[in-house]
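Take a look at the structure set out below.
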Amino acid sequence: MVYHPVGLQSTESNMLLELLAQIIVEPCFNTLRTKEQLGYIVFSGVRKTNGAQGLRVIVQSDRHPQYVEKRINAFLDSMLEHISTMPEEQFEEHKKAVATLRLEKPKMLSARCSLYWNEIASQQYNFDRVNIEVAYLKTITQEQLLNFYKENVHSKACHKLSVHVISTISTEKNLLDNTTEKIADSSIDENVKKIDDIMLFKNSQTLYPLLKPFEQYFPRKGIRSSKL
């Protein structure tokens, strides 16, 4: 898995990230799954957790993880030209696709309840989030999305998390991979920080601040206002 964080959730970053995910999802599958045949499971999309979010690409393959990561990086690099040369009509179609998906009404009462409860649990209280974010989506320009992509994905300065999982089952294929592992590791970018102790790494990282409540509902004194 390759994960590119884009920071805290906001109306702007939410829509830019969802639009980006919409644009690359089909080329990602066609390139990594159909053309290069890296593996049966190929997935790309948005990952949201604890107020932060990012773009992720997941590939399950019998190839060495380092090789898979290189092919994922090559695909993401190719998306820069794909976005910059995309016809305006096609760009607008992608925006409409995201808007249609977001505006789709929940089919079950439990799904609608979950939407509202998530706003309460996260203390965001943006109960009109869908309409607000779709309205912003309609204003996004191709240049704006391209700059967002350059800043968060196609940049040497951006952060990236790469997770490699290798099977412990002894097969001829795995034995071959083990003999080439040192060669693959030697080709890792010198700027990469290898994580040996996952728990120690997680415990030593800083956390994003908590998201603030939606201003439309709490314009003055916040959630503890006596006027509520």
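The values are calculated or read from the model by the stated rules, or taken from the named source; none is laboratory data. Only a predicted model underlies this, so the values are computations on that prediction, with no experimental measurement involved. Methodologically, a virtual Cβ is constructed for each residue, glycine included, from the backbone with ideal geometry; neighbour enumeration extends over all protein chains shown.
Summary of computed values
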| quantity | calculated |
| --- | --- |
| Selection count where residues are under 16 Å from P87 (Cβ atoms) and touching a residue at least 24 places away in the same chain (Cβ under 8 Å), scope the stretch 141-156 | 3 |
| Inter-residue pairs, beta-carbon under 7 Å, first in contact (Cβ under 8 Å) with a residue 24 or more places away in the chain and surrounded by fewer than 17 Cβ atoms within 10 Å (Cβ to Cβ) and in the stretch 1-14, second aromatic (F, W, Y) and in a loop (DSSP other than H, G, I, E, B), 6+ apart | L8/Y208 |
| Filter result for S61 (touching a Cys at 6+ places or on another chain (Cβ under 6 Å) and either of a type in the set (K, R) or over 19 Å from E143 (Cβ atoms) (or both)) | no |
| Matching residues, the stretch 15-54, being without any contact (Cβ under 8 Å) to a residue 60 or more places away in the chain, over 12 Å from the mean Cα position of the chain (by Cα) and surrounded by 16 or more Cβ atoms within 10 Å (Cβ to Cβ) | C28, T31, L32, R33, E36, L38, V42 |
| Test: residue in the stretch 48-66 that is at pLDDT 95 or above, assigned to a helix (DSSP H, G or I) and hydrophobic (A, V, I, L, M, F, W, C) | no |
